[in-house]
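Beneath this line is the structure, given in structure tokens, with notes to follow.
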Amino acid sequence: MNLSKLKQQICLLAALLCSLLQPVFAFGVQQFIYADQSATDTKQSMEIVGQSNASIFVAANESKGVLRAAQDLQDDLQAVTGQKLPLINDLTTASGNVIVIATIGQSQLLKQLEQAAKINLTAIDNQWDAYQIQLVNDISPEIKKALIIAGSNKRGAIYGTYDISEQAGVSPWYYWADVPVKKSKTLFSQLHKPIVEIPKVKYRGIFLNDEAPALTNWVNKNFGGYNHQFYVNVFELMLRLKANYLWPAMWNNAFADDDRQNMVLADEYGIVMGTSHHEPMMRADKEWDRDGEGEWQYSTNRQNLYQFWQRGVKRNAPYESLYTLGMRGREDSAMQEGENIKLLEQIVADQRRILAKQIKDKNLQDIPQVWCLYKEVQAFYEKGMRVPDDVILLWADDNWGNIRRLPTQAEQARSGGAGVYYHFDYVGGPRSYRWINVTPIAKIWEQMNQAYIFNANQIWITNVGDLKPMEYPTEFFLKMAWDPTDFNQNNLDAYGIDWATRYFGSQYAEQINQLVKTYTRHNQRRKPELMSADVYSQIHYNEADRIEQELNEAVALAESLYHKIDKTRQDAFFQLVLHPVKATAIVSKLYFATAKNRLYAMQGRVNANKYATLARTLFAKDAALKAEYDSINQGKWQHFMDQPHIGYNNWNNPAADTLPVLYEYQPHPSAEMGLTVEGSAASFPDTGSFNLEFDSMGLAKRGIELYNRGLTPYKFNVQTSADWIKLNHLNGEVTDHLQLQVSIDWRKLPAGQHKGSISIKGTSWQAAQIHITANKAPQKLTQKATGFVEADGYVAINAANFSQANTVEGYRWQVIKGLGRTADTISVFPKSYRTFDIRDDHPVVEYPVSFFSTGQFAVEIQALPTLSYFPDRKPKLGISVNNGPVRVIELDLSTKKPAWGAAVSEGIRKIKTNIVIDKAGQHTIQLHNLDLSVGVERILIDTGGLKPSYLGPPESQFK
């Protein structure tokens, strides 16, 4: 086994063992609620539901959000156990065991317990959104034990309360994904020491965006619009996931104006409201149509805009808000005034005057404010525009999950700090992608881990589109925002298994994790909206068929598990696993069938129309799957799959799903031979001569396909020029098609290149000629070959399968599990501002390769489409052979360069260079890390036979 692979398996095993040995729940949160008392230490545990039930105490003077969360806890525990625990506001009426929910500064009880040295809350006092959970004995003569949930603020108390609900058996997704409640007749709490939870990121949020048609149609059907009846469901989900910040739906909606209860209830629940990156001062874009006057241009309409923003701040002043500063054009377009930095600085200054005037109970620097450096706005910053230091700088990704900028060391001195605006959904170029989850959690981790390390930790907000079906990445993003240190490059599988266990039980958790990885990996390769018949190769490396087989196996497994799991979990399994697996497979297979139909029709195959029929069938299956989604749980989620996703021909979606153009071939009634060979789109009789090349170290067999161009069967005969050319059929009859397998009897050939031919005669007077080239490597080289072996004109290396990596000052190439189109990715850890000079010691990773060819060879390095995080440097990578001179390659990737569109469309950055191999035999390829942001997935070396394909060939044989 490859040493690197062994290390990876050991790391995964260690992560899984750790997850089994530690009392954790929901990945990283200490377990303190148990269904069975036998799992607890009775001296350190408290009975919640059992022989006697605990009470839930929350003081009447607590905030409305805390009171509501306490009511939710009562309802949740009743749903789990069937027992309705008393919910009391007067502790003197309680006896036995009590769950106490309280907020520091609000709770007299917490103050008394601290004075009596029963509890110490200094760890969370004055912390943001923190909470402490602790078992305390004898808080009064009547109360034997108390489970204390103490919040540093109302949200902290709410989060701690929902921890009880989730560990008892109520998923945060009980409403939004129909995850069933886990029933239990008894519940106990056990804690040997207090649990202290303090978020690492201050504002952790989601953006409901691009919400028409799917979410909007669903909201209108069920709630009559984006009103508070809808939003309270969003607020509750966010709090159960420990989020606190929301950008509301805004395409044709205005949160505060559509329903005045929206902002009132958001504040009561504990949700900090904001507006999107292009909606300043708590005014929705659509409010200008309702409440604005004149043009949306500050240079010509300053007074009306100033008053418009002033009314927005006055309206929101009583509520917890995070104010977006700056200005862009209407409907998320660039400013019409262009790059007028002086004007923009004036706009921000005026906006801050409004804040200071309208919010009198706070100093200006204490009013939360954010400037989102999205698209062209980042250019304003790089050209010198600045805002006051107390304003949060919200850096954005490129809309495709690649962060454009992170704080420099100098920028970390700003008091406002920084954050990141991320995307799971996007409308824009090169294509909109809105239909389904396309983001592996490994991708999220790789980017947001660096955001945290470089102190972009004030805001993490992600565009979740319609919310459904982005449940999986949304939960991961928010859990990571709470504590990024819970996650690393080796434990993402452990997280996926934990997630599947919590929602579907442990029996099939590993398989479910693999299913989610499979469909998200595939969608990261190429988003469904970017798919076409031309993406995956039909003729090289069996690429399309290999991918189709992978997807078919995933669908079969998902359907099998659907029928095996408990029926109460099937609706949730359909939404979270089965549907995205099947939907992904159907759309991909539709384009595969279209590609075969077009190719076979051009070749004149009698079975071309079969693939047209298959394409139509798959198009109908896509519609049927949508209908099935609409019907689950009595139509609860009807409209969430309304987003068109088939038939894109520009950046925006088609008006409706559109079947790709299909070709029809009308076969004649006679018999006529058609023929093509592996790796060729040309066909007989249009072409009479073909080539097949064999390598003694490569594929043992290659194919010749005989097919019928007519409707009458025909007979064929094969003749070979040499006895070392072997076929599985020398004659026969073809009705539809027949595959001939060609191989070489290498025992009959000495080392060197040999020529031969195959002649195939069918119905025509003319025979098809297949010219055979057989290259046999010298025995003295093949016997000594080690590492990755050149064959069939290439060497393909999955970067994670390195043989050796050095460590320099603690920095080392390591594997990021699950990140990559076909294999895992490597990058250097730990992350920091450190760079390396090629002249000094630096992290190097090595790959042993055996070459049989010599010369200058083209090399393609497939790297992550990482952007330049810092303006003063461009990412670099080096490659060398046998410790020789290092060729340094700049990986600078700008959103303004054509290479960026190709990189995000393909999910990989392809970097071209070359190496020189001066003699056949064993060599070592080395990658040199010079910038820590770089990640590499594959290395492809073309020694003369590399064929065009989307993913590249399978990995070379390793000896």
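Loop only by DSSP, 14 or fewer other Cβ within 10 Å of the Cβ. Give me the GluC sites (Glu not before Pro) in segment 139-239 that pass, ordered by residue number.
Sparse-neighbourhood loop GluC sites (Glu not before Pro): 142.
Dipole magnitude of the chain about its Cα centre, charges +1 at Lys/Arg Cβ and -1 at Asp/Glu Cβ only, in debye to the nearest 20?
I would put it at about 1420 debye.
Sorted by packing (mean other beta-carbon atoms within 10 Å per residue), highest first, where do 773-782, 719-728 land?
Descending mean neighbour count gives 773-782, 719-728.
Under a Cβ-only charge scheme (Lys and Arg +1, Asp and Glu -1), can you give me the dipole magnitude of segment 526-635 about the Cα centre, in debye to the nearest 20?
Dipole about the Cα centre, nearest 20: 300 debye.
So for 175, 374, fewest C-beta neighbours within 10 Å to most, what's the order?
175, 374
Please compute P(r) over all alpha-carbon pairs of the chain, binned at 10 Å starting from zero, and give each bin as a whole-number percent.
For the chain, the pair-distance distribution reads 2, 10, 18, 21, 20, 14, 8, 5, 2, 0, 0.
Listing 872, 291, 824, 72 from the residue with the fewest other Cβ atoms within 10 Å to the one with the most, what is the order?
872, 291, 72, 824
By its C-alpha gyration tensor, with a ≥ b ≥ c as the square roots of the eigenvalues, how is segment 97-164 shaped: rounded for a/c under 1.5, else prolate for a/b larger than b/c, else oblate?
Verdict is oblate for segment 97-164.
Roughly how many debye, to the nearest 20, is the charge dipole of segment 673-776 about its Cα centre, given +1 on each Lys and Arg Cβ, -1 on each Asp and Glu Cβ, and no other charges?
With only Lys, Arg, Asp and Glu charged at Cβ, the dipole is about 280 debye.
Roughly what % antiparallel, to the nearest 5, for the DSSP beta bridges in segment 673-776?
80 percent
Within a Cβ distance under 12 Å of residue 138, other residues only, what is the Lys/Arg minus Asp/Glu net charge?
+2
Output the 0 to 90 degree angle, nearest 10, between the alpha-carbon long axis of helix 471-482 and the longest principal axis computed from the alpha carbons of the chain.
Approximately 60 degrees, to the nearest 10.
Go through 340, 588, 441 and say which Cα lies farthest out towards the positive end of the charge dipole of the chain; charges sit on Cβ, +1 for Lys and Arg, -1 for Asp and Glu.
About the Cα centre, the residue reaching furthest to the positive side is 588.
If one computes the Cα centroid of segment 532-572 and of segment 628-670, what distance in Å separates the two points?
18 Å
Hey, what did segment 253-343 get for relative contact order, percent, Cα under 8 Å, at least 6 apart?
Relative contact order of segment 253-343: 35 percent.
Can you tell me what share of the DSSP beta bridges in the chain is antiparallel? A percent to the nearest 5 is fine.
Counting DSSP beta bridges with both partners in the chain, the antiparallel share is about 65 percent.
Is it possible to state the helix-based mean residue ellipticity at 222 nm for the chain, with each DSSP H run of 4+ residues giving -39500 (n - 2.57), the sum divided by total residues, to the nearest 500 deg cm²/dmol? What is it?
-9500 deg cm²/dmol
Can you tell me the 0 to 90 degree angle between the C-alpha axis of helix 608-635 and the longest principal axis of the chain, rounded to 10?
It works out to around 10 degrees.
Compute the separation of the alpha-carbon centres of segment 342-382 and segment 718-761 and state it in Å as a whole number.
Result: 75 Å between the Cα centres.
Near residue 773, within a Cβ-to-Cβ distance under 13 Å, what is the net charge of the other residues, with Lys and Arg +1 and Asp and Glu -1?
0
Which ordering of 887, 502 is given by a fewest-first count of other beta-carbon atoms within 10 Å?
887, 502
Which listed residue (307, 842, 455) has the Cα farthest towards the positive end of the charge dipole for the chain, taking +1 on Lys and Arg C-beta and -1 on Asp and Glu C-beta about the Cα centre?
842
Could you grab the relative contact order for the chain? Cα pairs under 8 Å, six or more apart, rounded to a whole percent.
9 percent
How far is helix 341-358 tilted, in degrees, relative to the longest principal axis of the Cα atoms in the chain, given as a value from 0 to 90 rounded to the nearest 10?
That works out to roughly 30 degrees.
Residues with beta-carbon under 13 Å from that of residue 531, excluding residue 531: net charge, scoring Lys, Arg +1 and Asp, Glu -1?
Taking every Cβ under 13 Å from that of residue 531, the sum is -1.
Share of antiparallel DSSP beta bridges in segment 382-476, in percent to the nearest 5?
Given both bridge residues lie in segment 382-476, the antiparallel proportion sits at roughly 20 percent.
With the dipole of the chain worked out from charges on the C-beta (+1 for Lys and Arg, -1 for Asp and Glu) around the Cα centre, which of 418, 358, 429 lies farthest toward the positive end?
After comparing all options, I get 429.
The numbers here are math on the coordinates, done by the rules we state, and not lab data. Quantities reported herein were computed from a predicted structural model and do not represent experimental measurements. In this analysis, Cβ positions are derived from the backbone assuming ideal geometry, glycine residues included, and neighbour counts consider all displayed protein chains.
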